[in-house]
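The next block holds one structure in the form of structure tokens; read it before the comments.
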Amino acid sequence: MRVSVRGVSVSWSGRRVLDDVSAEFDGPARISIMGPSGAGKSTLLAVIAGQLRPDAGSVEVEDGERPEWVVQSSPLLARRSALDNAMLGPLARGRSVLRSRVAATRVLTDLGLGPLVRGPAYELSGGERQRVAVARALAADARLVLADEPTASLDHAAKRSVIAALERASAYGALLLVATHDDEVAAVCDRRFRLVDGRLVEEDRS
Amino acid sequence: MSGFARRVIVREAYANALAHRALAGILVLIAAIAPLAAVTLDIVDVHGSVERERELAARGSTVFSVTAVDRQLLPATRCDALGTVTGVASAGGITAVERVHSALTDRRPLTFVSATPGLAAVLWPGTTAVDGVIVGASIGSQLGLVAGAVLPIAQAVAIRSLPVGAVAQPSTRSADYDLLVLQSVPPRGGTYECLVESEPGARARVEAVLLGWFSGTATAVTPYFVPPDTGRTPQQEASERTSAWFPLAAAGLVALGMLAWWVIRRSEFALYGVMGLSRDGLVLMLVTEWAMLCLLPGSIGLANALGSSAALLDDAPVAQVAALDVVRYLASISVIPLLGTALLTRVTAFEALKGK
């Protein structure tokens, strides 16, 4: 999986949020994009997802792959079970109900949510909800997963469980692009980028 | 890359309704009871109007009296010919009215009326002209007359024996007619008064015909019987009834319920949008939910309304109103999925992701 970002610029209300951003992301891998609030992290992900047209530049996603999203307080079908929610990923890609059920059950179990698959989603904690969202993406065999502040507003234990779930993304063959201002999330990523004054700068891991 | 399969969308709609079973149950109840109550009430209301119309018709509300303005006689043949006019149930003209006495022991005074053949049905609905005289119910019972008997009357200085062709049922129009003896005569000469009964529903048309029927003679056309409450005729009551709006009100109530159901679950539809559900897929999902929660229970409610009112549907006007109510209701609720689609597609996937 390859995502190519070439000379992307986006302005909001006259302020240039992304300024001639270019990068190549190859997966499977975990890639973090860091920066303070308002730095343009979410905007960059939205541009990559094709939900926001840039003022300039272009984004090329290999094979036009539709990304799966994990966002802060990921939306779930609150009255449906964790299993039903995780199944939505593969179902949305045209998989059969049986195949979706098998894939979702496998991923939920892998992410430590096995005992919770039958209960309604509204009974899940914040961390569990986020992990179900990750499971939804991975069960779909998504090759591109976009995570926007997936650990924001979570306590430490919940954050650790979500980070562990995100770590599994590359094991499922996905390219994970995670926008975060959390160093702990960035620490488990293979490559780390930072948005500084609208420009994307890769950090040296050493 | 393919999206949600159609059968998956239908399955999701069903599963979502099941997941919100309390709310869905309330919706189903509303969707079943609202049309049931609306159509039943309308049927009962219209049936009441039809019954009142029948009662008034029995009392003469569809009968007109036509007389010459200057008290002259009208041509009896022309009055008799009215019986062949479309919308006219019967018409008969009075050619003579005499005061006579029975030649029986009590010498009871009698009103002896000679009229063209159509008058019998106007005075006693359901009665037709027969050979011999028709005797009013009171006279018949007082003198012990039956069909085939002979009624001797003292007329001037002679005694005539009149064969009794029939004893009429008590008149629904006037108790005075139960004291008459009616003899049908061929339409010749003139008539003092022409009584014309229209078919139910043809009253206005017949009245218009009557205004110019006796050309060359200035006539007065007056309703034979004015209902005591006046104001509105039963036909007006039926056409202006409030209950006609009940099916639309029921559809409105159900539409509000369905739209509320979708608005409450707006975030769920936004999630499906994020997951790649197309607009067509959204429409299919809404139509499926509408069919489950609105159309199916509504059809059951309508069937129950018609079933519980089956006896009243024998009346054609009531059956027509019931059919119209069903069509109106189903047509009204058929736009609900379109309203839902318009309501829900305002949320973009990006907004949904941002929790808006």
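Residue-wise test of (1) acidic (Asp, Glu); (2) within 18 Å of the chain's Cα centre (by Cα).
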| residue | (1), (2) |
| --- | --- |
| A:GLY7 | no, no |
| A:ASP63 | yes, no |
| A:SER73 | no, yes |
| A:ARG101 | no, no |
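For the stretch B:17-57, taking the residues that are within 20 Å of B:VAL287 (Cα to Cα), touching a helix residue (DSSP H, G or I) at 6+ places or on another chain (Cβ under 7 Å) and not small (Gly, Ala, Ser), the one that is surrounded by the most Cβ atoms within 10 Å (Cβ to Cβ) is identified as B:PRO35. Looking at the stretch B:12-33, is at least one residue among the acidic types (Asp, Glu), under 30 Å from A:PRO67 (Cβ atoms) and in contact (Cβ under 8 Å) with a residue 40 or more places away in the chain? Scanning the stretch B:12-33, I find at least one residue that is among the acidic types (Asp, Glu), under 30 Å from A:PRO67 (Cβ atoms) and in contact (Cβ under 8 Å) with a residue 40 or more places away in the chain, so the answer is yes.
Restricting the first member to the stretch A:108-126 and to residues that are in the same structural domain as A:GLU167 (by TED's automatic domain parsing), and the second to residues that are of a type in the set (Ser, Thr, Tyr) and not in a helix (DSSP H, G or I), no beta-carbon pair is closer than 7 Å while six or more apart or on different chains.
Exactly one residue out of B:GLY148, B:GLY144, B:GLY165 is surrounded by 15 or more Cβ atoms within 10 Å (Cβ to Cβ) and either modelled with pLDDT of 90 or more or over 26 Å from B:VAL66 (Cα atoms) (or both): that is B:GLY165. Evaluated against (1) without any contact (Cβ under 8 Å) to a residue 60 or more places away in the chain; (2) surrounded by fewer than 20 Cβ atoms within 10 Å (Cβ to Cβ), A:ARG95 falls short on exactly one condition, (2). Would it be correct to say that A:VAL162 is on the phi < 0 side of the Ramachandran plot, among the aliphatic types (A, V, I, L, M) and surrounded by fewer than 24 Cβ atoms within 10 Å (Cβ to Cβ)? Criteria not met by A:VAL162. Identify the residue in the stretch B:1-11 that is assigned to a loop (DSSP other than H, G, I, E, B) and without any contact (Cβ under 8 Å) to a residue 24 or more places away in the chain and, among all such residues, is nearest to B:LEU284 (Cα to Cα). That would be B:ALA5. Could you list all residues from the stretch A:181-190 that are among the β-branched types (Val, Ile, Thr) and either under 10 Å from the mean Cα position of the chain (by Cα) or part of a loop (DSSP other than H, G, I, E, B) (or both)? Selection gives A:VAL188 alone. Scanning the stretch A:32-58 for residues that are assigned to a strand (DSSP E or B), buried (at least 16 other Cβ atoms within 10 Å of the Cβ) and more than 12 Å from the chain's Cα centre (by Cα) yields a count of 2.
Report whether or not A:ASP148 is modelled with pLDDT under 95 and surrounded by fewer than 23 Cβ atoms within 10 Å (Cβ to Cβ).
Against the criterion (modelled with pLDDT under 95 and surrounded by fewer than 23 Cβ atoms within 10 Å (Cβ to Cβ)), A:ASP148 does not qualify.
If you check B:ARG59, B:ARG7, B:ARG11 for being basic (Lys, Arg), over 16 Å from B:ASP325 (Cα atoms) and away from chain A (no Cβ under 14 Å), only one passes: B:ARG59. Might you let me know whether the stretch A:159-178 holds any residue that is hydroxyl-bearing (Ser, Thr, Tyr) and not in a helix (DSSP H, G or I)? Taking every residue of the stretch A:159-178 in turn, none turns out to be hydroxyl-bearing (Ser, Thr, Tyr) and not in a helix (DSSP H, G or I). Looking across the stretch A:110-145, the residues that are crowded, with 17+ Cβ neighbours inside 10 Å and among the basic types (Lys, Arg) come down to A:ARG129, A:ARG131, A:ARG136, A:ARG143. Scanning the stretch A:98-109 for residues that are surrounded by fewer than 21 Cβ atoms within 10 Å (Cβ to Cβ) and either under 17 Å from B:ALA19 (Cβ atoms) or among the hydroxyl-bearing types (Ser, Thr, Tyr) (or both) yields a count of 3. Taking into account only those residues within the stretch B:299-308 that are buried (at least 21 other Cβ atoms within 10 Å of the Cβ) and hydrophobic (A, V, I, L, M, F, W, C), which is nearest to the other protein chains (Cβ to nearest Cβ)? Ranking the qualifying residues of the stretch B:299-308, first place goes to B:LEU302. Keeping to the stretch B:168-208, report how many residues are surrounded by fewer than 21 Cβ atoms within 10 Å (Cβ to Cβ) and assigned to a strand (DSSP E or B). Qualifying residue count for the region: 3. For the stretch A:128-143, a residue qualifies if it is closer than 12 Å to A:ALA92 by Cβ and in a helix (DSSP H, G or I), and the qualifying residues are A:ARG136, A:ALA137, A:ALA139.
Residues checked against (1) hydroxyl-bearing (Ser, Thr, Tyr); (2) part of a helix (DSSP H, G or I):
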| residue | (1), (2) |
| --- | --- |
| A:GLU60 | no, no |
| A:ASP63 | no, yes |
| A:SER73 | yes, no |
| A:LEU83 | no, yes |
| A:ALA104 | no, yes |
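Considering each residue of the stretch B:47-54 in turn, at least one proves to be away from chain A (no Cβ under 14 Å) and hydroxyl-bearing (Ser, Thr, Tyr). All of B:LEU256, B:LEU296, B:LEU271, B:LEU282 fail the test of being in a helix (DSSP H, G or I), modelled with pLDDT of 95 or more, surrounded by 14 or more Cβ atoms within 10 Å (Cβ to Cβ) and not basic (Lys, Arg), apart from B:LEU296.
Evaluate the following for A:ARG16: is it in a strand (DSSP E or B) and at pLDDT below 95? The answer is yes for A:ARG16.
If you check A:GLU184, A:GLU203 for being in contact with a Phe, Trp or Tyr (Cβ under 8 Å, 6 or more places away or on another chain), at pLDDT below 95 and surrounded by fewer than 14 Cβ atoms within 10 Å (Cβ to Cβ), only one passes: A:GLU203. Sub-6 Å Cβ pairs linking a first residue in the stretch B:37-58 that is of a type in the set (Lys, Arg) to a second residue that is in a helix (DSSP H, G or I), at least 6 apart or interchain, are B:ARG52/B:PRO234, ordered by first then second residue. Exactly one residue out of A:GLY114, A:GLY119 is more than 13 Å from every other protein chain (Cβ to nearest Cβ) and over 17 Å from the mean Cα position of the chain (by Cα), and it is A:GLY114.
The values are calculated or read from the model by the stated rules, or taken from the named source; none is laboratory data. Model, not experiment: these values are computed from the prediction. With ideal geometry, Cβ positions are generated from the backbone for all residues, glycine too; neighbour counts draw on all protein chains shown.
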